[in-house]
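Below is one structure, written out as structure tokens; comments come after it.
The numbers here are math on the coordinates, done by the rules we state, and not lab data. Bear in mind that the values here come from a model prediction, so they are computed numbers and not experimental data. Cβ placement follows ideal geometry from the backbone for every residue including glycine, while neighbour counts extend to all protein chains displayed.
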Amino acid sequence: MNLQGVLTAMITPFRDGELDEERLKKNIEFQISSGVDGLVPVGTTGESPTLSFREHERVIEITVEVAAGRVPVVAGTGANSTSEALELHAFAKKAGANACLSVNPYYNKPTQEGLYRHFMTLADKVDLPIVLYNIPGRTGITMTAQTVARLRKHPNIVAIKEATGIIDMTSEIRSLCDITVLSGDDTLTLPLMAIGAAGVISVASNLVPAMVKKLTSLAMAGDFMEAAKIHHMLFPLVKSLFLEGNPVGIKYAMQAAEMDTGELRLPLWPASEATRKTIESCMAQVGIGK
């Protein structure tokens, strides 16, 4: 399995407090028809912390079923309890996911050795490729490049979603091992691809998959000048999507583009009027919206 290009960090649509399965299926078809290279359900963008275990499993099931092998499905299966993460990893394997996205255990702030033992346990016990997810802004802990290199020695640990916001981290990781690096920040996709990243797990591609796909394709072909034009065009929109956090912005943008994703789940709250206006203005600049 070759993870590269644009993999969409899928939103989870809700309607009247329940999972909106029909809207989810439509979103999956839209993504695939737009040419994305993979789907990543039930990550942070998919509001995974608010889903019940059964809802989490159901989103993975639907995504695998609808994708039907047309693109890889990298299921979000992270947890701050190793035993809970094992359950989710095992379910993703059973459901037919191609790989899983596993975030650093959050809140309990393990040591580097604790991180190493956590991911090695998952890799040893479930035969499913793992994409590590390094995002200290949400987890309170940063996996070092040295720990990534140790983990890469396991054949089931194949990639990392790099969301530290530090460009040097990608350089350090790539200097120590050959793991596939995927950007975890839309604004850093092009800079990271310039130093060896293979693509992005993207929030913005929920809304503009074809544009993000074109950017990554140009970068993969070495045409960084043309890719930079798309980067600069999308930059204000991407920044606006994160003014009040993710997925608050992207869910509003999709609603404004008539791809209604329903409500957010508490503790998330809809975007303020000022943020909505900013998002709409930025969408208009790239030719989308009502």
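The DSSP beta bridges internal to segment 5-221 are antiparallel in roughly 5% of cases.
Considering only 196, 222, 43, the mean-square fluctuation computed in a Gaussian network model of the chain, springs between alpha carbons under 10 angstrom, is largest for 222. Students often forget the sequence filter, so: which aspartates and glutamates lie under 14 Å Cα-Cα from residue 239 once same-chain residues fewer than 8 apart are removed? Cα-Cα hits under 14 Å: 185, 186, 280.
Full extension of the chain segment joining residue 194 with residue 260 gains 20.3 nm, where the gain is 0.36 nm per residue of separation less the Cα-Cα distance.
The packing ranking of peptides 100-106, 78-84, 15-21, highest mean first, is 100-106, 78-84, 15-21, where packing means the average number of other beta carbon atoms within 10 angstrom of each residue. Under a straight-distance cross-link criterion of Cα-Cα below 19 Å, which aspartates and glutamates are reachable from residue 277, leaving out those fewer than 8 residues away in the same chain? Excluding near neighbours in sequence, the set is 244, 258, 260, 263. Beyond 19 Å in Cα-Cα separation lie the following of the pairs 109/153; 161/213; 94/213; 25/251: 109/153; 94/213.
Do any trypsin sites (Lys or Arg not before Pro) in segment 33-127 lie in a DSSP loop with no more than 15 other beta carbon atoms within 10 Å, and if so, which?
Taking segment 33-127 and a limit of 15 other Cβ atoms within 10 Å, the loop trypsin sites (Lys or Arg not before Pro) found are 70.
Within straight-line reach of residue 93, meaning a Cα separation under 19 Å, sit the following lysines at least 8 residues removed in sequence or on another chain: 125. From the Cα gyration tensor of segment 136-290, with a ≥ b ≥ c the square roots of its eigenvalues, which class applies: rounded if a/c is under 1.5, or else prolate if a/b is larger than b/c, or else oblate? Oblate shape, in that a/c is at least 1.5 and b/c is the bigger or equal ratio. Among 116, 107, 252, the largest mean-square fluctuation in a Gaussian network model of the chain (Cα springs under 10 Å) belongs to 107. Comparing mean-square fluctuations of 254, 233, 225 from a GNM of the chain with C-alpha springs under 10 Å, the top value falls on 225. In the chain, helical runs assigned H by DSSP with n ≥ 4 each contribute -39500 (n - 2.57); averaged across all residues and rounded to the nearest 500, the mean residue ellipticity at 222 nm is -14500 deg cm²/dmol. Segment 201-290: which GluC sites (Glu not before Pro) are DSSP loop and have at most 14 other beta-carbon atoms within 10 angstrom? In loop regions of segment 201-290 (DSSP not H, G, I, E or B), the sparsely surrounded GluC sites (Glu not before Pro) are 258.
Of the peptides 142-155, 1-14, the order by per-residue mean of other Cβ atoms within 10 Å, starting with the highest, comes out as 1-14, 142-155.
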